[in-house]
Ligand code: A3P
């Protein structure tokens with residue numbers, strides 16, 4: 001086993017074969033039975049596909065563009081991660097230093113259960129593992145996706161930072177293609193939502209669309225959430241959501257938590273790759289993947305999407 005490759009002690013959750021840490025298993029039922037409210041807003045993604053970016057967009061749309069309020073509270077608490085607590089190893093959960101502002105002392109499922117409405121909820125779960133009430137209560141859900149090469153490269157750097165992954169790059173890419181990394185298999189995840197695209201309460205956005213034409217994504221998402229924005233408001237929101245501003249925004253960039261993680265893994269704080277808002281580009285995989293690895297990704301994509309609505313003709 002390669003140190004830092006998540007999950008350690010993994011299990012495959014059926015029916016999708018989702019790879020999760022064993023610590024997640026006791027919470028599957030709790031999540032299945034989780035009470036959903038009609039005015040919840042859910043943001044769902046495979047990790048590293050633009051989750052944080054979408055969360056800030058959705059939270060601001062839902063909160064009358066209250067930039068002041070958004071800066072006062074960490075995105076982690078404004079828009080909590082449903083299974084965030086469940087996927088942590090026991091070593092992290094047991095950390096009991098009272099001086100330490102360790103957010104993951106909080107059982108996120110209970111934390112979200114007790115939040116006042118409207119709640120903003122992030123999850124990386126595929127459709128089959130969502131709370132059962134999602135399908136009857138039908139809250140608004142936004143799914144964001146990204147091309148898997150960029151997502152995998154981003155996930156590699158995420159593992160170096162969060163889990164002190166010390167293996168080489170090609171090994172991580174191999175593990176990703178072989179569905180050995182947490183939340184894999186990637187294409188089943190995307191497909192589990194793409195097949196629901198005709199559900200009125202589901203909007204699907206992509207990282208690439210957000211990069212190419214953020215005003216259109218804002219208009220589309222605002223309409224979906226029942227909000228109407230002026231052109232000035234859209235321009236201000238585009239600026240707020242720019243890579244540079246998000247990277248510098250202490251309520252979003254996770255630095256409060258990340259500095260603890262860097263110390264935990266004895267990482268170099270000045271390494272520009274070891275941060276949450278890292279590069280923010282489309283096709284940055286080209287700078288890191290060899291042509292051979294890229295070819296393997298293409299063959300894997302063709303195989304996994306063949307005969308599905310995602311198949312490229
Ligand atoms: P990179 O590692 O490729 O830079 P998630 O929030 O799902 O974990 O996704 C993280 C990815 O989104 C990172 O990708 C990060 O840099 C990128 N990202 C976050 N905010 C962004 C923004 N405002 N503009 C562009 N990319 C952004």
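Observations, loosely collected:
- Helices (runs of 4 or more DSSP H) completely within region 104-177 that count 1 or more residues being within 12 Å of the ligand (Cβ to nearest atom): 148-162
- Answer from 209, 233 - the residue that is assigned to a helix (DSSP H, G or I), out of contact with any strand residue (DSSP E or B) (no Cβ under 6 Å at 6 or more places or on another chain), more than 16 Å from the ligand (Cβ to nearest atom) and at negative phi: 233
- Meets criteria (under 23 Å from residue 303 (Cα atoms) and without any contact (Cβ under 8 Å) to a residue 24 or more places away in the chain) for residue 208: no
- Tally of residues being in contact (Cβ under 8 Å) with a residue 24 or more places away in the chain, part of a loop (DSSP other than H, G, I, E, B) and surrounded by fewer than 17 Cβ atoms within 10 Å (Cβ to Cβ) across region 2-42: 10
- Among the residues listed as 295, 286, 304, 279, the single one being within 13 Å of the ligand (Cβ to nearest atom), surrounded by 11 or more Cβ atoms within 10 Å (Cβ to Cβ), modelled with pLDDT of 95 or more and part of a helix (DSSP H, G or I): 286
- Residue among 45, 70 that alone is in contact (Cβ under 8 Å) with a residue 40 or more places away in the chain, in contact with a helix residue (DSSP H, G or I) (Cβ under 9 Å, 6 or more places away or on another chain), under 20 Å from residue 112 (Cβ atoms) and surrounded by fewer than 21 Cβ atoms within 10 Å (Cβ to Cβ): 70
- Of all residues making up region 212-230, the number that are surrounded by 17 or more Cβ atoms within 10 Å (Cβ to Cβ) and within 16 Å of the ligand (Cβ to nearest atom): 4
- Any pair with Cβ under 8 angstrom, 6 or more apart, that starts in region 233-258 at a residue that is closer than 13 Å to residue 53 by Cβ and free of Cβ contacts under 8 Å to residues at least 12 places away in the same chain and ends at one that is within 13 Å of the ligand (Cβ to nearest atom) and assigned to a helix (DSSP H, G or I): 245/239
The values are calculated or read from the model by the stated rules, or taken from the named source; none is laboratory data. Quick caveat: nothing in here was measured; it's all calculated off a predicted structure. Because the Cβ atoms are built from the backbone with ideal geometry, glycine has one as well, and the counts that use them run over all protein chains shown.
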